[in-house]
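The structure under discussion appears below in the form of structure tokens.
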Amino acid sequence: MKELRAAFIIATKDILTEIRTREVLTSIVVFAILVIVIFNFAFGGDERAVKTVAPGILWATFAFSGILSLNRSFMMEKEEDCIEGLMVSPISREAIYLGKFAGNLFFILLIQLVVIPVFSLLFNLWLFSFEFILVTLMATLGFAAVGTLFSAMAVNTRARELILPVLFFPIVTPVIIAAVNASLLILEGKGFSAITDWLGIIAAFFVIFFVASYLVFCFIIEE
Amino acid sequence: MENAGYMLAAFIVIWSGLLAYIFILWRTQAKLHRDIKLLKESLEDNS
Amino acid sequence: MKRKILFFLSAGLILASFYMVLVFVPTERDMGVVQRIFYYHVPLAWIAFMAFFIVFIGSIMYLFKRKPFWDYLASSSAEIGLVFISLMLITGSIWAQPTWGVWWIWEPRLTTSLILWFIYVAYFIVRGYISEEEKQARFAGVVGIIGFLNVPLVFLSVTLWRTQHPPLTIFTEGLVAPMMATLLVCLFAFNFLYIYLLSERTLMKLDEAEVKRLKENIMERNG
């Protein structure tokens, strides 16, 4: 219980700083929309082609903007040496993970909240269904679970943010494959029963990597 | 037999790759042993 | 001494495998001579997966025991696994060209191996960007654990994705006895080669540590 409270405090701290400074989110949202626009130039010519590539574009956008947002999460702590403050405070490493995880989840979801309407508008596709929201939510949980772990790892290396994509993309391939294919089925008008296999993979990914990251996080920020 | 060339190419890739790896290992290993010997000698000389 | 025996055992088995693959085994009817790549391609893949499993075990042991030996073992196994899986990917590509007319097919096992290749390349990239040895081992351990946990999920998602397309038949009539025997000889050959290389590489790392220790001793003495 104490752990959850500490995690909650860390997450609100991150969210409050972001609300006050608006340092990161605005530029990431602009970046995400730019990615969509560029993809539109690449694939947008043909009405029918758009429908088949749209889920891929959307998830590539989520992955790219997710990386940016995840990178900031520990960079900010590292830059001002706040991480030392967190480490000496009587908070367990697990609570730091949970707090950072919640903060990252919140930021990525917030980005998606802007990106999805813009995307539906620009590509003329209706995305707001229960199935689609469920897929996005669960896939984002998985993103944040591994992303938080790797982001902590990346800022502690000499290459800093360069390392995150190299670690993050190969690990999240199952989620990307599952989310893209599930979204494709949803866009084709198939119901919930068609995507249960994909949802299963996304859910399994989240559970496995949330538990594993929670357990190994203490090895990343040790010193 | 028309695609024997591909077979041969794969064969060469595998064994030249593995041989190169083993060769590099052996060379580094030999160098390490030499270093250890030298260092041990210089330690004994000093004492 | 034991390593000498291991070396000659694997060398003998490799020579036997030359005979089996090049002379003894009957040529497969549909694919012709090129199918003989299979006898090396498949064991390379199996042993690479086993090597990554050893990385997983070594990583867990390191994080719990903090004995450098376990990191030496894990990183040696990752290196050999990477060599094997690279060779497996190249031979798969050489096989795909005459059989399917393309250099690459997104076949589930091949795709899974490609993702694994990226994960273990990342394993070494992370190590490369860290100077302290202890931290190197710790971070690599985390990647070794997370990377291996991902294998079943990657395989599952790629299989599910690819089964929407016509499956590939590799053998029209199954493996007949001489083919099976050849495969087994190759498997044993690579298995012993792996054990030999692993012991060789791990000992090398122990020697490297010894050199470092001796150098420090000398530095101390010389003030």
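Structure notes:
- Ordering of A:122-133, A:62-73 by packing [mean C-beta count within 10 Å, highest first]: A:62-73, A:122-133
- C-alpha long axis of helix A:47-79 to longest principal axis of chain A, angle in °: 10 degrees
- Mean Cα-pair separation over length for chain C, i.e. relative contact order, pairs under 8 Å, 6 or more apart, %: 35 percent
- Rounded percent of accessible protein surface that carbon and sulfur make up, segment C:171-223, 1.4 Å probe: 63 percent
- Ligands, DNA and RNA excluded, the heavy atoms of A:TRP198 present near 10 Å² of accessible surface to a 1.4 Å solvent probe.
- Put simply, chains C and A cover up around 2700 Å² of each other's accessible surface, both sides summed, when a 1.4 Å probe is used.
- The largest-to-smallest principal axis extents of the Cα set in the protein assembly as shown are 72, 66, 39 Å.
- Where labels lie 7 Å past Cα in the beta-carbon direction, separation of C:ILE125 and C:LYS212 in nm: 2.4 nm
- Set of aspartates and glutamates with alpha-carbon distance to B:LYS40 below 13 Å, sequence-local pairs under 8 removed: C:ASP207, C:GLU210, C:GLU216
- With 10 Å bins from 0: P(r) over segment C:38-218, alpha-carbon pairs, percent: 9, 31, 32, 18, 8, 2, 0
- Buried on assembly, segment B:1-24 (at least 30 Å² less accessible surface than by itself, 1.4 Å probe): B:ASN3, B:TYR6, B:MET7, B:ALA10, B:PHE11, B:VAL13, B:ILE14, B:TRP15, B:LEU18, B:TYR21, B:ILE22
- For segment A:1-44, pairs of C-alpha atoms spaced more than 17 angstrom apart make up 55 percent of the total.
- Cross-link pairs C:LYS4/C:LYS135; C:LYS135/C:LYS205; C:LYS135/C:LYS215; B:LYS37/C:LYS205 - those with Cα-Cα distance over 25 Å: C:LYS4/C:LYS135
- For chain B, the equivalent ellipsoid built from the Cα gyration tensor has semi-axes of 46, 4, 4 Å, listed from largest to smallest.
- For segment C:7-65, the set of trypsin sites (Lys or Arg not before Pro) satisfying both a DSSP loop assignment and a count of at most 15 other C-beta atoms within 10 Å is given as C:ARG29.
- Helix A:130-155 and the longest principal axis of the Cα set of chain A meet at an angle near 40°.
- When each full DSSP H helix of chain C is screened for a Cα extent of at least 18 Å along its own axis and an average Kyte-Doolittle hydropathy of at least 0.5, the helices passing are C:2-19, C:38-65, C:68-100, C:108-128, C:133-162.
- For segment C:1-105, the solvent-accessible area of protein heavy atoms averages 44 Å² per residue (probe radius 1.4 Å; ligands and nucleic acids excluded).
- Lys pairs under 29 Å by Cα in chain A, provided they are eight or more residues apart or on distinct chains: 7
- Cross-link reach is defined here as a Cα-Cα straight distance under 18 Å, omitting same-chain residues fewer than 8 places apart; for C:LYS212 the aspartates and glutamates meeting it are B:ASP35, B:GLU41, B:GLU44, C:ASP71, C:GLU132, C:GLU133, C:GLU134, C:GLU220.
- Computed with a 1.4 Å probe on the full set of protein chains, the accessible area for C:GLU220 sits at about 140 Å².
- The angle between the Cα long axis of helix B:4-46 and the longest principal axis of the Cα atoms of chain B comes to about 0 degrees, rounded to the nearest 10.
The values are calculated or read from the model by the stated rules, or taken from the named source; none is laboratory data. Since the model is a prediction, treat every value here as computed from it, not as a measurement. Heads up, the Cβs are rebuilt from the backbone with ideal geometry, glycines too, and the neighbour counts pull from every protein chain shown. Surface accessibility is based on the protein's heavy atoms, side chains included, excluding ligands, DNA and RNA. Shrake-Rupley method; radii C 1.70, N 1.55, O 1.52, S 1.80 Å.
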